[in-house]
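Q: Dropping the structure in here first, questions after.
Values quoted throughout were computed directly from the atomic coordinates according to the rules given, and no laboratory measurement underlies them. A quick note: this is a predicted structure, and the numbers were derived from the prediction, not measured. Glycine gets a Cβ as well: all are built from the backbone with ideal geometry, and neighbour counts include every protein chain shown.
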Amino acid sequence: GDDSGSNENAVVSDDESGRHGGDSRCGASTSATNGEARDNERMEPTPETPPIRVLVVDDHAGFRAAVRSMLSVDGRMNVVLEAPSAEVAFDMLAALENDADRPQLVLIDVNMAGMNGMVAAARLMAEHPGMRVVVASTAPMALLPPLPDHPDVTFIPKDELEADTMWRWASRLDRQIS
């Protein structure tokens, strides 16, 4: 895909952010210092803490289906929207009439035609405060555009993407967000 575009706000390097250096699976939750307590406990959704609503944005239908299946089996997160591009994702978000339907977590691919995932992540942070974003790619971080410098954005390599990793990152959500 085309990763060119304006991403002036996305200027962090691996060393500056600390969110995606070393073991990226751990890096996804390093800013959640209480994450260690949850590593060996399986936190199930309850009426007070329903499954986390997820939007999956990837130009490969097979990857979207695999993520939907993985999260369905896990049960702590629920894919509520899927989009083949960032542009379609923004249109879907704009069309939502009820904030209760709004995704709390976005999993987005970096390399897509049109708007790339890094630019989309920065735009999501500007337009949808409180939403969490996991940017994913098969390419190593060093070969990608810079990750937006925002505490609610992280990078996880696609080959390390697991339900537990996503849960640890997303479970930091403020459940009061509507």
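Q: Just want the answer: with Cβ charges of +1 for Lys and Arg and -1 for Asp and Glu, which residue in 78, 146, 94 is farthest toward the dipole's positive end in the range 76-155?
A: Of the candidates, 146 comes out farthest on the positive side.
Q: Could you rank the peptides 149-157, 93-101, 60-68, 80-88 by their average count of other C-beta atoms within 10 Å per residue, with the highest value first? Could the numbers behind the result be given before it?
A: Working: 149-157: 20.3, 93-101: 10.1, 60-68: 14.7, 80-88: 18.8.
Most protected by this proxy first, the peptides run 149-157, 80-88, 60-68, 93-101.
Q: Listed highest first by mean packing, meaning other Cβ atoms within 10 Å per residue, what order do 161-171, 135-145 come in?
A: Details: 161-171: 20.3, 135-145: 16.0.
Ranking the peptides 161-171, 135-145 by packing returns 161-171, 135-145.
Q: Once the piece of chain linking residue 97 and residue 69 is laid out straight, how much longer is it, given 0.36 nm per residue of separation minus the C-alpha distance between them? Spell out each step's value before the answer.
A: Working: separation 28, 0.36 × 28 = 10.08 nm, distance 2.64 nm.
Difference between extended and current length: 7.4 nm.
Q: What FRET efficiency comes out for residue 113 versus residue 143 if R0 is 25 angstrom and r is the Cβ-Cβ distance? Round to the nearest 0.05.
A: On the way: r = 18 Å, r/R0 = 0.72.
Given R0 = 25 Å and the Cβ-Cβ separation, E is 0.90.
Q: Return the ratio Rg/(2.2 N^0.38 Å) for the range 133-174, where Rg is computed over Cα atoms only. If you can, show how the numbers build up before the last one.
A: Details: Rg = 10.7 Å, N = 42, 2.2 N^0.38 = 9.1 Å.
Against the empirical 2.2 N^0.38 Å value, I get 1.18 for the range 133-174.
Q: Next up: From zero up to wherever the largest Cα-Cα distance of the range 77-178 sits, split into 10 Å bins and tell me the percent of pairs in each.
A: Per 10 Å bin, starting at zero, the Cα-Cα P(r) for the range 77-178 comes out as 15, 51, 31, 3 percent.
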